[in-house]
Amino acid sequence: MKKIKNCLYIITVLVSCNSLFSQQEIQTPFSIEADYFYGNIFEHNKEISHLIVGHPSGISITYNRKTYGLRRAERIYNYPDWGFTFAYQQFQNPSLGKNYALYGHYGWYFLKRKLRFSLATGIAFNTNPYDREKNPENNAYGTSLLSTSIFKLSYIKENIWNGFGLQAGLSLIHYSNANLKAPNTSTNTFAFNLGVNYLFDHGSFPEYIPLETMNSRSFAEAIHYNFVFRLGMNESDVIGQGQSPFFVFSVFADKRINYKSSFQAGIDVFFSHFLKELIYYRSIAYPEDGLTGDEDYKRVGVFVGHELRLYDTALITQLGYYAYWPYQFEQRVYNRLGLKRYFGKTIYASVSVKSQWAKAEGIEFGLGVRFK
């Protein structure tokens, strides 16, 4: 009899625990979107004019995790979406081939959640890259693997009828191999997109957790100092010159002013070995340039920047100017766009694209230290 009572007690406890866990189960709402897009390739470089012969089109399939305020950052950023996007693009030009891409993305809402801005970044595969003999016309993509980004602004209405909704908007789709291998003039597609979305479990979507009263400035910090080492591989625009490593040493100060934003100012020192090879090549191939081949390939830049924090991740944007520029390569103004991931309060890793305006020079992989 005692054993029966003990068994009944254990069963009661297990049932109670299961009921408790069921009540505290964290919901993970999500939606699926399908878009068709149609547009034009922007002629950002005259060298790609021969590739613009039609209107590129394609489709994208998007998985969105819907947030509702479980974490403070979700409430501060007005409950953004995050997820993954698969895209297919047809350029209407056999020389450019087709692109298949996979992205990670974030979407931020405005105007009572009717307007959404999405930023996606990922990797694409091109079916017909440059080949000296088989496809010399494709000077946009020197490799099959490309880096890619999407900037999209959409009007969106969810759950219009039984979970189904609609969205429409404008997008900019960028493909480049970031000068990993020449040629790399890249493409930028401006497109109009129209699609349908479906919100799963739309009848039981959790209520948004309101943002508590808080002083965002209470997250402000004293000035910190940073040292970052970055590296990567790239190649000049001379086809066949070969890939070379580059190294970047950066020192800068940052000031966090609130929960979202930090401002930066500092110095970059660039050791780009492809420039050393390019200077030597041009001194022989183009004597009219007046180069000796011994010109200094190093560059020193000063920059200002902004960091947008989201959890332990940050979006970095920087604008720089070459204070020391002995060899005049591209433009004197450069920019950097990337992502940073903090591991604690001191160490962080980053990946970024450094460009001269729209022309990428290289993908940088970095490791940094932040201290007072």
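Side notes on the structure shown:
- Cβ pairs under 7 Å, 6+ apart, first in region 327-345 and in contact (Cβ under 8 Å) with a residue 40 or more places away in the chain and farther than 14 Å from LEU310 by Cα, second among the hydrophobic types (A, V, I, L, M, F, W, C) and surrounded by 12 or more Cβ atoms within 10 Å (Cβ to Cβ): TYR327/LEU275; TYR327/ILE279; PHE329/LEU275
- The test for being in contact (Cβ under 8 Å) with a residue 24 or more places away in the chain, closer than 16 Å to ASN93 by Cβ, in contact with a helix residue (DSSP H, G or I) (Cβ under 8 Å, 6 or more places away or on another chain) and not small (Gly, Ala, Ser) does not hold for THR127.
- Number of residues in region 264-275 that are buried (at least 19 other Cβ atoms within 10 Å of the Cβ) and either touching a Cys at 6+ places or on another chain (Cβ under 8 Å) or assigned to a helix (DSSP H, G or I) (or both): the value is 2.
- Residues of region 230-255 that turn out to be of a type in the set (Lys, Arg) and either over 22 Å from the mean Cα position of the chain (by Cα) or assigned to a loop (DSSP other than H, G, I, E, B) (or both), as a count: 1
- The selection criterion, being under 23 Å from the mean Cα position of the chain (by Cα), free of Cβ contacts under 8 Å to residues at least 24 places away in the same chain, under 18 Å from SER57 (Cβ atoms) and surrounded by fewer than 16 Cβ atoms within 10 Å (Cβ to Cβ), does not hold for LEU194.
- Region 124-134, residues that are at pLDDT below 95 and in a strand (DSSP E or B): ASP131
- Filter pass, VAL302 being in the same structural domain as PHE252 (by TED's automatic domain parsing), touching a Leu at 6+ places or on another chain (Cβ under 8 Å) and farther than 19 Å from PHE219 by Cα: no
- Test for GLY368: is it out of contact with any helix residue (DSSP H, G or I) (no Cβ under 9 Å at 6 or more places or on another chain), of a type outside the set (Phe, Trp, Tyr) and touching a residue at least 24 places away in the same chain (Cβ under 8 Å): yes
- Residue identified as surrounded by fewer than 19 Cβ atoms within 10 Å (Cβ to Cβ), of a type in the set (S, T, N, Q) and outside the structural domain of GLU330 (by TED's automatic domain parsing) among THR185, THR127: THR127
- Scanning region 163-184 for residues that are in contact with a strand residue (DSSP E or B) (Cβ under 7 Å, 6 or more places away or on another chain) and outside any strand (DSSP E or B) yields GLY163, ASN177, ALA178, ASN179, LEU180, ASN184.
- Only one of the listed residues (LEU211, LEU231) is farther than 27 Å from PRO56 by Cα, modelled with pLDDT under 95 and surrounded by fewer than 18 Cβ atoms within 10 Å (Cβ to Cβ). That residue is LEU211.
- Failed item in (1) modelled with pLDDT of 95 or more; (2) surrounded by fewer than 18 Cβ atoms within 10 Å (Cβ to Cβ), with LYS260 passing the rest: (1)
- Among the residues of region 44-58, just one is under 22 Å from the mean Cα position of the chain (by Cα) and at pLDDT below 90, namely HIS44.
Quick grid of which residues meet (1) surrounded by fewer than 16 Cβ atoms within 10 Å (Cβ to Cβ); (2) of a type in the set (A, V, I, L, M, F, W, C):
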site: ILE61; (1), (2): yes, yes
site: ASN64; (1), (2): no, no
site: ASN78; (1), (2): yes, no
site: PHE86; (1), (2): yes, yes
site: GLN89; (1), (2): no, no
site: PRO94; (1), (2): yes, no
site: ASN99; (1), (2): no, no
site: LEU102; (1), (2): yes, yes
site: TRP108; (1), (2): yes, yes
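- ALA124 aliphatic (A, V, I, L, M) and closer than 25 Å to SER272 by Cα: no
- Odd one out for ARG282, checked against (1) in contact (Cβ under 8 Å) with a residue 24 or more places away in the chain; (2) closer than 15 Å to GLU330 by Cα: (1)
- Residue list for region 281-313, restricted to those being assigned to a strand (DSSP E or B) and either modelled with pLDDT of 90 or more or surrounded by fewer than 15 Cβ atoms within 10 Å (Cβ to Cβ) (or both): ARG299, VAL300, GLY301, VAL302, PHE303, VAL304, GLY305, HIS306, GLU307, LEU308, ARG309, THR313
- Each residue in region 188-222 was checked for being over 30 Å from TYR259 (Cα atoms) and not in a loop (DSSP other than H, G, I, E, B), and 15 of them qualify.
- Candidates LEU153, LEU96: the one that is aliphatic (A, V, I, L, M) and assigned to a loop (DSSP other than H, G, I, E, B) is LEU96.
The values are calculated or read from the model by the stated rules, or taken from the named source; none is laboratory data. Everything numeric in this text was worked out from a predicted model, so none of it was measured. Every residue, glycine as well, gets a Cβ built from its backbone with ideal geometry; the counts of neighbours run over all protein chains shown.
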